[in-house]
Amino acid sequence: MRLLITFFILVLPFGLAAQNGRIDGQVKERYKSLPLQNVQVKLIPSNRTAVTDSTGTFMIDGLKPGEYSVIFTKLGYLQYVLPSVTVAADSAKHLQVELDKVPPPVRDRLKPLKQRLRPRPRMKGVENGKMGSKQTKLKQAVPVTK
């Protein structure tokens, strides 16, 4: 009986630990290939998170085998999602990710044109450049007698 209990105490923890997987990798900036520091890496559905170091690397270990979504976020960069990353028992999944910077805001290039094409005020009685149905009659001058 003692031998059986000793077996479970010594061997069982190693057997359970051996069934866990790991996700690690590196995050870089696209086009410059510079490592990105302080990128948040979040796993769904486990809600485990990690943050990249100065070399852009991260590691999340102790994961149960299965399928995860991995979300990469950093202020000033577009969010990147890997919807299906499969983690197997006793193995590591290595990811290489490149993040794009958030593009600058788009200026309204038509604004100066819109200002130049403002509608002109219309004159009374004039529609579309022609005299309308209500024509303005001129009063004739009447001589003043004293």
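Structure summary
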read-out: Candidates V70, V85 - the one that is touching a Phe, Trp or Tyr at 6+ places or on another chain (Cβ under 6 Å), of a type outside the set (F, W, Y) and within 23 Å of N47 (Cα to Cα); value: V85
read-out: Residues of segment 66-105 satisfying the condition of being outside any strand (DSSP E or B) and over 16 Å from Q37 (Cβ atoms); value: L78, Q79, A88, A89, D90, S91, D100, V102, P103, P104, P105
read-out: Subset of segment 42-71 [surrounded by 16 or more Cβ atoms within 10 Å (Cβ to Cβ) and over 12 Å from L99 (Cα atoms)]; value: K42, L43, A50, T52, F58, I60, L63, Y68, V70
read-out: Among (1) under 18 Å from the mean Cα position of the chain (by Cα); (2) among the β-branched types (V, I, T); (3) modelled with pLDDT under 95 - the single one I9 does not satisfy; value: (1)
read-out: Residue in segment 134-146 that is modelled with pLDDT of 65 or more, under 20 Å from the mean Cα position of the chain (by Cα) and not aliphatic (A, V, I, L, M) present; value: no
read-out: Among residues of segment 19-65, those that are among the basic types (K, R), closer than 25 Å to A88 by Cβ and either modelled with pLDDT under 95 or part of a loop (DSSP other than H, G, I, E, B) (or both), counted; value: 2
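The values are calculated or read from the model by the stated rules, or taken from the named source; none is laboratory data. On a predicted model such as this, the values are computed, not experimentally measured, just so you know. Here the Cβ is made from the backbone with ideal geometry for all residues, glycine too, and neighbour counts use every protein chain on show.
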